[in-house]
Structure formats: C-alpha cells, structure tokens
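Here's the structure we're looking at; comments come further down.
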Amino acid sequence: CIPQLANILLLLLLVYAMFSVLAVNLFGTTKYGERLGPTANFNTWVKAMQLCYQMVTGDEWMTIMADCSVQPPFCMEKFDRENFALIGHEWPFGDREDYYFGDCGSTTAPYFFMAFKIVCEAIMLNL
C-alpha cells in the first residue's frame, strides 16, 4: 500500500512541478489583481508550487484565473517609452532600452487552469 501511495504522490509532485514551470513562464510578470498578489503569485517556481497546492484545494482558483487573464486597457502589453507616454508618465528608466514584456496576463489562462484542475484532481482521485 505504501509504495503505491508513494508513486501517486511522486506523480502529483511531478505534475505540480511541470505546471509550476509553465505558470512562471506564462504568468510570472502578470499584474497583481484581486487575489493574485504578494502572497499568491507565479513570480518564482517555489511560489508557483505553493499556489498550485493552494489551487488544488479549491482556494479561490477561479479568481486567480481571472487575475491571470487581465488584458489591456487594465495592463501594459509592453513596458516601453511609447506606452508610458500614452498614460502620461515619463520613462523612469533613464537610458535603458525598452522592455519587451508587460504585465498583462494570457488569453490561454482559462485553458491552463482547467487543464491543471482536471489533471491534478484525477490524480487526487487515485489516492
């Protein structure tokens, strides 16, 4: 009984790790929202692992999904001089080049979260 449980827990850990890496790449720079913030974010792999565990337990995962789906005009697609001028601010980074990323979420967020919930809950059913 113990080896089978260990196999399932190892599989669950592997799935969490894979989804955490994907989440850091997709949502690592996403603007904080209603639930996504200092205590729940995808900024680092460790934080993403914690948030994956939190979401599997059902703790406001739909709100996190909505926060990860944020799109313009509620975020900046790219941090560059042009976008800062549009909102009436000066470029605060001096002579630095423009960044090629922004703080918007991804339109694939619902697919990511649904796939995550289905896969993880299917594994949990085997416990």
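Data for the structure
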| read-out | value |
| --- | --- |
| Accessible solvent surface per residue of the chain, calculated while the other protein chains remain in place, 1.4 angstrom probe, Å² | 63 |
| Inter-centroid distance (Cα atoms) of the range 21-42 relative to the range 1-15, Å | 27 |
| Solvent exposure ordering (accessible area, 1.4 Å, most first) of Val70, Val46 | Val46, Val70 |
| Rounded to the nearest 10 Å², the accessible area of Met49 at probe 1.4 Å | 30 |
| Cα gyration tensor shape for the chain, rounded if a/c is under 1.5, else prolate or oblate | prolate |
| The range 1-47 - Debye-derived log10 I(q)/I(0), Cα point model, q = 0.13, 0.24, 0.27 Å⁻¹ | -0.40, -0.80, -0.91 |
| Ala6/Phe74 FRET efficiency (R0 41 Å; Cβ-Cβ; nearest 0.05) | 0.40 |
| Kyte-Doolittle mean at least 0.0, axial Cα span of 18 Å or more - DSSP H helices of the chain | 2-27, 109-125 |
| Estimated [θ] at 222 nm from DSSP helical runs (n ≥ 4, -39500 (n - 2.57)) normalised by residues in the chain, nearest 500 | -17500 deg cm²/dmol |
| Rounded to the nearest 10 Å², the accessible area of Leu125 at probe 1.4 Å | 150 |
| The range 1-65: chymotrypsin sites (Phe, Trp or Tyr not before Pro) in DSSP coil with no more than 16 other Cβ atoms inside 10 Å | Tyr32 |
| Share of carbon and sulfur in the accessible heavy-atom surface of the chain [1.4 Å probe, %] | 64 |
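The values are calculated or read from the model by the stated rules, or taken from the named source; none is laboratory data. Every value quoted in this text rests on a predicted model; they were computed, and no experiment measured them. All Cβ positions, glycine included, derive from the backbone under ideal geometry; neighbour counts span all protein chains shown. In case anyone asks, the SASA skips ligands and DNA or RNA and just uses the protein heavy atoms, side chains included. Shrake-Rupley method; radii C 1.70, N 1.55, O 1.52, S 1.80 Å.
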